[in-house]
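Everything on this sheet refers to the single structure shown next.
The values are calculated or read from the model by the stated rules, or taken from the named source; none is laboratory data. Everything quoted here is computed from the prediction, not taken from an experiment. Because the Cβ atoms are built from the backbone with ideal geometry, glycine has one as well, and the counts that use them run over all protein chains shown.
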Amino acid sequence: EAQVTQNPRYLITVTGKKLTVTCSQNMNHEYMSWYRQDPGLGLRQIYYSMNVEVTDKGDVPEGYKVSRKEKRNFPLILESPSPNQTSLYFCASSLGTGAYEQYFGPGTRLTVT
Amino acid sequence: AQSVTQLDSHVSVSEGTPVLLRCNYSSSYSPSLFWYVQHPNKGLQLLLKYTSAATLVKGINGFEAEFKKSETSFHLTKPSAHMSDAAEYFCALGGAQKLVFGQGTRLTINP
């Protein structure tokens with residue numbers, strides 16, 4: 001089944017404790033992105049990647065890191081999480097350039113206390 | 001800059017009546033537009049997309065949307081609401097590299 005997977009689905013952590021949210025897609029897509037969803041704000045892009053070793057900032061990159069060492073994986077790293085990073089996070093992938101739709105993972109709900 | 005505005009944060013309709021979810025956009029070039037649906041505790045599922053072909057776009061589950069350039073709108077409609085349509089709906093602009101989302105519209109269906 002073609003899909004985007006994320007792990008963990010739920011995570012509660014404390015301020016300053018480094019964490020990684022994994023994302024993997026099995027569709028051989030070139031593009032991958034991370035979004036965060038906050039009430040009343042919709043989804044906002046954090047980072048995206050156009051291919052292996054090619055990443056760039058989205059609209060809200062502060063406090064986040066990403067890497068793309070393999071085409072299928074695009075982990076999101078929070079080096080020192082803070083409470084304002086409490087959110088619902090979505091990974092997405094897309095086939096190529098232009099008007100291709102993005103396919104979303106099931107989401108990771110992160111709480112930072 | 002590109003932006004998307006969903007005009008209603010919450011829409012409530014009775015089962016069997018029409019649904020209208022409104023979306024306006026701003027873009028300096030010809031946009032690609034999408035509607036996604038998010039059921040509780042689920043990811044986003046694509047309902048339909050507009051990519052400069054036909055202005056009336058048909059999607060899954062009986063939904064359709066009409067692109068109106070003169071009004072910079074891309075409203076989502078369905079002739080007859082079903083209980084299973086209760087969800088949050090997002091209008092988005094962009095493509096593979098980036099999507100710009102509206103704030104979302106929560107659709108409630110009354111029995």
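Answer yes or no: is there a residue in the range A:84-95 that is surrounded by 15 or more Cβ atoms within 10 Å (Cβ to Cβ), within 28 Å of B:Thr105 (Cβ to Cβ), in contact (Cβ under 8 Å) with a residue 12 or more places away in the chain and more than 14 Å from the chain's Cα centre (by Cα). Among the residues of the range A:84-95, at least one is surrounded by 15 or more Cβ atoms within 10 Å (Cβ to Cβ), within 28 Å of B:Thr105 (Cβ to Cβ), in contact (Cβ under 8 Å) with a residue 12 or more places away in the chain and more than 14 Å from the chain's Cα centre (by Cα), which makes the answer yes. The number of residues in the range B:1-39 that are assigned to a loop (DSSP other than H, G, I, E, B) and of a type outside the set (Asp, Glu) comes to 15.
Exactly one residue out of A:Thr13, A:Thr86 is more than 14 Å from every other protein chain (Cβ to nearest Cβ), more than 20 Å from B:Gln45 (Cβ to Cβ) and in contact with a Pro (Cβ under 9 Å, 6 or more places away or on another chain), and it is A:Thr13.
Condition check: more than 8 Å from chain B (Cβ to nearest Cβ) and touching a Cys at 6+ places or on another chain (Cβ under 8 Å). Does A:Leu76 satisfy that? Explain how you work it out, then say what you get.
On the way: more than 8 Å from chain B (Cβ to nearest Cβ): yes; touching a Cys at 6+ places or on another chain (Cβ under 8 Å): yes.
The answer is yes for A:Leu76.
Within the range B:58-77, the presence of at least one residue that is acidic (Asp, Glu), more than 10 Å from chain A (Cβ to nearest Cβ), part of a strand (DSSP E or B) and surrounded by 15 or more Cβ atoms within 10 Å (Cβ to Cβ) is confirmed. When B:Gly104 is tested against (1) in contact with a Lys or Arg (Cβ under 8 Å, 6 or more places away or on another chain); (2) on the phi > 0 side of the Ramachandran plot; (3) surrounded by 15 or more Cβ atoms within 10 Å (Cβ to Cβ), only condition (1) is not met.
Suppose we filter the range A:97-113 for residues that are within 14 Å of chain B (Cβ to nearest Cβ) and either among the hydroxyl-bearing types (Ser, Thr, Tyr) or at negative phi (or both); how many remain?
Looking only at that region, the number is 11.
The set of residues in the range A:36-54 being among the small types (Gly, Ala, Ser) and either in contact (Cβ under 8 Å) with a residue 12 or more places away in the chain or surrounded by 12 or more Cβ atoms within 10 Å (Cβ to Cβ) (or both) consists of A:Gly42, A:Ser49. When the range B:79-102 is filtered for residues that are within 11 Å of the chain's Cα centre (by Cα) and either touching a residue at least 60 places away in the same chain (Cβ under 8 Å) or within 13 Å of B:Tyr25 (Cβ to Cβ) (or both), the ones remaining, listed by number, are B:Tyr89, B:Phe90, B:Cys91, B:Ala92, B:Leu93, B:Phe101, B:Gly102.
All conditions but one from (1) surrounded by 13 or more Cβ atoms within 10 Å (Cβ to Cβ); (2) without any contact (Cβ under 8 Å) to a residue 12 or more places away in the chain apply to A:Ser33; the one that does not is (2).
For the range B:11-32, enumerate the residues that are within 13 Å of the chain's Cα centre (by Cα) and either farther than 20 Å from A:Tyr100 by Cβ or at pLDDT 95 or above (or both).
Taking the range B:11-32 first, the residues within 13 Å of the chain's Cα centre (by Cα) are B:11, B:19-25, B:32.
Answer for the range B:11-32, where residues must be within 13 Å of the chain's Cα centre (by Cα) and either farther than 20 Å from A:Tyr100 by Cβ or at pLDDT 95 or above (or both): B:Val11, B:Val19, B:Leu20, B:Leu21, B:Arg22, B:Cys23, B:Asn24, B:Tyr25.
Restricting to the range B:93-108, what's the tally of residues that are facing chain A (nearest Cβ under 7 Å) and either touching a His at 6+ places or on another chain (Cβ under 9 Å) or of a type outside the set (D, E, K, R) (or both)? So the count comes out to 8. Restricting the first member to the range B:29-50 and to residues that are at negative phi and exposed (fewer than 15 other Cβ atoms within 10 Å of the Cβ), and the second to residues that are in a loop (DSSP other than H, G, I, E, B) and not hydrophobic (A, V, I, L, M, F, W, C), the beta-carbon pairs closer than 6 Å and six or more apart or on different chains are B:Ser30/B:Ser52.
Among the residues making up the range B:16-28, those that are away from chain A (no Cβ under 12 Å) and buried (at least 16 other Cβ atoms within 10 Å of the Cβ) are B:Val19, B:Leu21, B:Arg22, B:Asn24, B:Tyr25, B:Ser27.
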